[in-house]
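Values quoted throughout were computed directly from the atomic coordinates according to the rules given, and no laboratory measurement underlies them. Quick caveat, the model's predicted, so the values are computed rather than measured. All Cβ positions, glycine included, derive from the backbone under ideal geometry; neighbour counts span all protein chains shown.
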Amino acid sequence: MAEALLTQLMDAAEVQSAGIEAAHGLPPTKHAVSVMNELGFDIGAHRSRDIGSLDLAKFDLIVAMAPLIAQWLREAGVDPGRIAQLDVSDPYCSGLDVYRATAKEIDRQLRSLVEKRYGGPDRK
Amino acid sequence: MKDDLRSYLLDAIRRVEAGGVKSPSGSHIAGIFNKAAKGFEKEVRSYVSRLLQICGLDFERDVRAAVKGQRFAKLTLGNCLAAIKQASALKQTLVTASMPGGWKVDAFLESLRKVNDAWVQLKHGDEVGPPVLLSQMKSMLKLLPLISS
């Protein structure tokens, strides 16, 4: 969800999502697909990636969705200056309404981050 | 591989059971389960290979049709279940005698099926509750030494 939402805000940026222990290939949950469809995004073809498969050095900014992930990144040696920490609750197994609220919260926190860091959205 | 997977499962189960803020969230547990299941699938595939050898069965001749024509190297956990069932149908006595840890064939297959069912649901985008994922990670951990060479 965050990848799609941030891509919308930062059109010129390459945005990729990954999990800190995500084996490759899992689809988003049906609730995530459904909620993002409501917002006009098609994330059905997305598949999970493990962060280990990405070259983190090539990313200007790594957005951690929760404090635990930010801590993991710091312990993995990522420069703290390149980590932006959000605080989003995991909606997994909590129902469609919680997914809707989570998407809204991710969007709110990403907009705030983009505003602070880049002075606002970068849309074509 | 087996030892890596065992260590991974032990560590993952410990972290999930610890609870609290440092414990993985639900979707994180799903990722952990997916990663473990991929390793487990490889171990079960190796077990199937050894079982067929013990039973004197040829994969292409005796089993391939029962796994929907899938190549051996591409056997999924679900295909492996079908392969063991087919071996059992053809060589029941040998398969029963070679069951790891003296398990009954049906109980062994049922344990594998439950792991596979949880995984299939995740692969289809369905949510599987953390208690079920935890229980099936424990099941993988229990089965792993039995199926490994």
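Mind checking the full-extension length gain between B:THR96 and B:ASP126? Use 0.36 nm per residue of separation minus the Cα-Cα distance, one decimal, nm.
7.3 nm
Convert each backbone phi in the range A:15-26 into a coupling constant with the Karplus relation 6.51 cos²θ - 1.76 cosθ + 1.60 (shift: θ = phi - 60°), then list the ³J(HN,Hα) values in order as whole Hz, x for Gly and Pro.
Along the range A:15-26, the couplings run 10, 9, 9, 7, x, 6, 9, 9, 5, 5, x, 7 Hz.
If you split all Cα-Cα distances of the protein assembly as shown into 5 Å bins from zero, what percentages do you get per bin, shortest first?
Calculated over all Cα pairs of the protein assembly as shown, the distribution is 1, 5, 11, 15, 16, 14, 11, 9, 7, 5, 4, 2, 1, 0, 0 percent.
If eta is 0.890 mPa s and T is 25 °C, what Stokes-Einstein diffusion coefficient results for chain B, Kirkwood Rh from Cα pairs, in µm²/s?
Numbers: Rh = 15.9 Å.
D = 154 µm²/s.
Give me the distance in nm between label points sitting 7 Å out from Cα along the Cα-to-Cβ direction at B:LYS42 and A:GLN8, one decimal.
So the label points at B:LYS42 and A:GLN8 sit 3.9 nm apart.
Provide the descending list of Cα extents for chain A along its principal axes, expressed in whole angstroms.
36, 33, 23
Measuring from the lowest to the highest alpha carbon on each principal axis, how far does the range B:60-140 reach, largest first, in angstroms?
Projected onto its principal axes, the Cα set of the range B:60-140 covers 38, 30, 16 Å.
Around A:ALA23, which amide H atoms from residues at least 5 apart in sequence, or from another chain, sit under 5 Å from its own amide H, with H modelled in the peptide plane?
Close amide H contacts, sequence-distant or interchain: B:LYS35.
Can you list the lysines whose alpha carbon sits under 28 Å from that of B:LYS68, skipping same-chain ones fewer than 8 residues off?
A:LYS30, B:LYS2, B:LYS35, B:LYS38, B:LYS42, B:LYS85, B:LYS91, B:LYS104, B:LYS114, B:LYS123
Counting only other chains, what is the mean number of Cβ atoms within 10 angstrom of the Cβ of each residue in peptide A:82-94?
Across A:82-94, the average partner-chain Cβ count within 10 Å equals 3.
Under a Cβ-only charge scheme (Lys and Arg +1, Asp and Glu -1), can you give me the dipole magnitude of chain A about the Cα centre, in debye to the nearest 20?
180
Under unit Cβ charges (Lys, Arg +1; Asp, Glu -1), what dipole magnitude, rounded to 20 debye, does chain B have relative to its Cα centre?
Once rounded to the nearest 20, the dipole reads 180 debye.
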